[in-house]
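To start, the structure under review is shown below, and the notes come after it.
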Amino acid sequence: METMTSIDSSTLSAAERKALRQEQAAAQRAQQLRISQSRAKAEGRTQVVPTPEGWKQEMGADGRPQLQFAAKRRVSQPPTHLADLTLAERQEKLKELGLPAFRAKQLSVHYFQHYTTDPAKMSDLPKNGREELAEAMFPTLLTEVKRLTTDDGKTIKFLWRLFDGSLVESVLMRYPNRITLCISSQCGCGMNCPFCATGQAGLTRNMSTAEILDQIVQANRVIAEGGLGGQKHPDERVGNIVFMGMGEPLANYKRVMNAVHRMVADAPEGLGMSARGITVSTVGLVPAIRKLADENIPVTFALSLHAPDDELRDELIPVNSRWKVDEALDAAHDYYVKTGRRVSIEYALIKDMNDHEWRAELLAKKLNARGRGWVHVNPIPLNPVPGSIWTRSEPDITSKFVHRLDELGVPTTLRDTRGKEIDGACGQLAADGD
Ligand code: SAH
């Protein structure tokens with residue numbers, strides 16, 4: 001290290017400088033790994049290093065995993081759908097089509113309250129021109145390709161094809177007193193986290209506002225038709241939304257926020273849902289977190305932390321090279337201060353990688369340093385990739401981790417994810433159509 005840093009880099013060519021930077025970064029990583037290893041050893045544990053298995057993680061010019069904040073090439077968005085527009089914009093559009101503005105409300109009721117886009121069912125509209133109108137306002141967005149069911153029919157994974165052939169997934173889950181839908185916000189993902197299936201193919205494009213919302217409307221239709229197992233109650237529908245499907249929601253900020261606005265807007269402008277039931281989960285795009293805090297919509301905010309130390313998080317969550325653990329935690333804490341909403345920290349427990357006791361202690365220290373009562377931690381044993389380095393923590397290690405956080409005053413709830421059998425759990429959504 002020392003001899004390298006003493007080189008006068010101004011005498012080097014650009015290529016040499018780049019090679020030097022990469023060498024220095026590698027040496028620094030090796031040094032940090034030695035520290036992690038000795039800490040693990042002190043606990044009688046080992047330290048496993050994150051490396052992608054069975055696929056190649058794309059690297060950028062800096063030798064770090066490639067981050068993609070926008071689609072690689074110009075891609076077109078689907079045709080405008082009623083759900084892309086506010087009620088006022090819908091009225092405007094109908095006037096442009098030479099129709100009375102009040103039709104906007106009727107069409108909105110069909111879509112957001114009856115979950116239908118079928119002109120045959122819209123008997124309150126004049127027969128003449130009804131089909132053309134429905135076609136203009138409700139272009140087909142999501143076509144069902146496959147439906148997989150588990151948990152006695154209480155969990156359904158949908159695979160949808162979009163207008164351009166892109167594939168996305170959403171997962172519908174019935175719990176004893178609520179129905180939750182896990183939705184996608186992008187086709188693929190550009191965040192390149194080595195343990196997550198979605199990131200492996202990179203980002204294709206952002207989903208449109210209406211594509212995001214149509215996942216909910218389609219799920220509501222399935223529920224209304226009795227397609228979700230278990231005891232059915234009249235008028236039930238999706239009450240909780242988690243942006244934990246494919247994509248990084250805050251990298252598609254505008255469309256995601258428009259979708260959130262429409263979820264909480266009273267019917268028939270939107271779905272009339274409660275903002276508290278909506279969870280936006282992010283890898284930690286700090287400027288976008290700050291923007292979200294200023295929106296004045298009290299959605300639940302979740303930060304995918306997965307490691308309290310930059311050394312490991314740099315490897316696990318490549319965007320950590322832009323915004324470090326402390327910056328992400330500061331932004332999460334500010335979210336709490338501005339909105340009064342307690343934030344969640346997501347932590348996938350990965351065997352011998354991030355599940356050491358010293359990491360539970362460091363996490364508690366960093367959270368407590370920012371105050372009490374503002375945060376809770378949701379560890380999730382990693383979803384299975386049997387036999388690989390990406391293996392869930394052992395049950396006793398998991399309990400120790402949870403217990404240590406609790407002991408240190410951090411409210412912690414272990415979560416088990418639904419849908420593992422159908423690759424519908426967190427990090428398993430790849431939409432490969434197999
Ligand atoms: N891009 C967003 C939302 C999508 S992922 C985010 O990262 O927050 C939703 C959650 O699933 C994230 O916390 C993500 O880190 C986690 N996850 C990814 N792969 C996982 C896996 N194999 N097992 C458990 N959780 C996983």
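Filter the range 170-193 down to the residues that are surrounded by fewer than 22 Cβ atoms within 10 Å (Cβ to Cβ) and either at pLDDT 95 or above or under 15 Å from the mean Cα position of the chain (by Cα) (or both) and list them by number.
ILE179, THR180
Given the conditions (1) part of a helix (DSSP H, G or I); (2) at pLDDT below 90, and given that GLU53 satisfies all but one, which numbered condition is not satisfied?
Here GLU53 clears every test but (1).
Testing MET273 on (1) among the aliphatic types (A, V, I, L, M); (2) farther than 23 Å from ALA70 by Cβ; (3) assigned to a helix (DSSP H, G or I), one condition comes back false. Which one is that?
Result: MET273 fails condition (3) only.
Looking at the range 108-124 only, could you name the residues that are farther than 20 Å from ILE216 by Cβ and surrounded by 18 or more Cβ atoms within 10 Å (Cβ to Cβ)?
Correct list: PRO119, MET122.
Could you tell me which numbered condition GLY245 fails, if it satisfies all but one of (1) small (Gly, Ala, Ser); (2) under 17 Å from the mean Cα position of the chain (by Cα); (3) surrounded by fewer than 23 Cβ atoms within 10 Å (Cβ to Cβ); (4) within 16 Å of THR180 (Cα to Cα)?
GLY245 satisfies all of (1) small (Gly, Ala, Ser); (2) under 17 Å from the mean Cα position of the chain (by Cα); (3) surrounded by fewer than 23 Cβ atoms within 10 Å (Cβ to Cβ); (4) within 16 Å of THR180 (Cα to Cα) except (3).
Give me a count of the residues in the range 243-255 that are on the phi < 0 side of the Ramachandran plot and within 11 Å of the ligand (Cβ to nearest atom).
Final tally of qualifying residues: 9.
Within the range 385-402, which residues are within 16 Å of the ligand (Cβ to nearest atom) and among the small types (Gly, Ala, Ser)?
GLY387, SER388, SER393
Being on the phi < 0 side of the Ramachandran plot, assigned to a strand (DSSP E or B) and buried (at least 22 other Cβ atoms within 10 Å of the Cβ): is that true of VAL280 here?
yes
I need a count of the residues in the range 283-313 that are free of Cβ contacts under 8 Å to residues at least 40 places away in the same chain and in a helix (DSSP H, G or I).
Number of matching residues: 5.
Condition (residue is buried (at least 21 other Cβ atoms within 10 Å of the Cβ), in contact with a Phe, Trp or Tyr (Cβ under 8 Å, 6 or more places away or on another chain) and of a type in the set (D, E, K, R)) applied to the range 340-355: is it met by at least one residue?
Scanning the range 340-355, I find at least one residue that is buried (at least 21 other Cβ atoms within 10 Å of the Cβ), in contact with a Phe, Trp or Tyr (Cβ under 8 Å, 6 or more places away or on another chain) and of a type in the set (D, E, K, R), so the answer is yes.
If you check GLY227 against the conditions, is it within 29 Å of VAL343 (Cβ to Cβ) and surrounded by fewer than 23 Cβ atoms within 10 Å (Cβ to Cβ)?
no
Can we say MET173 is in contact with a strand residue (DSSP E or B) (Cβ under 9 Å, 6 or more places away or on another chain), under 26 Å from LEU67 (Cβ atoms) and not in a helix (DSSP H, G or I)?
Answer is no for this residue.
Output the residues belonging to the range 56-68 that are in a loop (DSSP other than H, G, I, E, B) and surrounded by 13 or more Cβ atoms within 10 Å (Cβ to Cβ).
GLN57, GLU58, GLY60, GLY63, ARG64, GLN66, LEU67, GLN68 - these are the residues of the range 56-68 that are in a loop (DSSP other than H, G, I, E, B) and surrounded by 13 or more Cβ atoms within 10 Å (Cβ to Cβ).
Taking VAL319 as the residue in question, decide whether it is in a strand (DSSP E or B) and modelled with pLDDT of 95 or more.
Answer is no for this residue.
So which residues in the range 385-413 are assigned to a loop (DSSP other than H, G, I, E, B), surrounded by 15 or more Cβ atoms within 10 Å (Cβ to Cβ) and at pLDDT below 95, if there are any at all?
VAL385, ILE389, TRP390, THR391
Could you list, in sequence order, the residues of the range 196-224 that are outside any helix (DSSP H, G or I), surrounded by fewer than 22 Cβ atoms within 10 Å (Cβ to Cβ) and within 13 Å of the ligand (Cβ to nearest atom)?
Once the filter is applied, which keeps residues that are outside any helix (DSSP H, G or I), surrounded by fewer than 22 Cβ atoms within 10 Å (Cβ to Cβ) and within 13 Å of the ligand (Cβ to nearest atom), the range 196-224 yields only ALA197.
Hey, among LEU329, LEU363, LEU367, LEU382, which residue is within 14 Å of the ligand (Cβ to nearest atom), in the same structural domain as PRO249 (by TED's automatic domain parsing), touching a residue at least 24 places away in the same chain (Cβ under 8 Å) and not β-branched (Val, Ile, Thr)?
It is LEU382.
What pairs come out if I take residues in the range 225-240 that are under 17 Å from ASP152 (Cα atoms) and pair them with residues that are assigned to a loop (DSSP other than H, G, I, E, B) and of a type in the set (Gly, Ala, Ser) whose C-beta lies under 6 Å away, six or more apart or interchain?
GLY229/GLY153; LYS232/GLY226
The values are calculated or read from the model by the stated rules, or taken from the named source; none is laboratory data. Keep in mind it's a predicted model, so treat the numbers as computed, not measured. Using ideal geometry, Cβ is built from the backbone for each residue, glycine included, and neighbour counts are taken over all protein chains shown.
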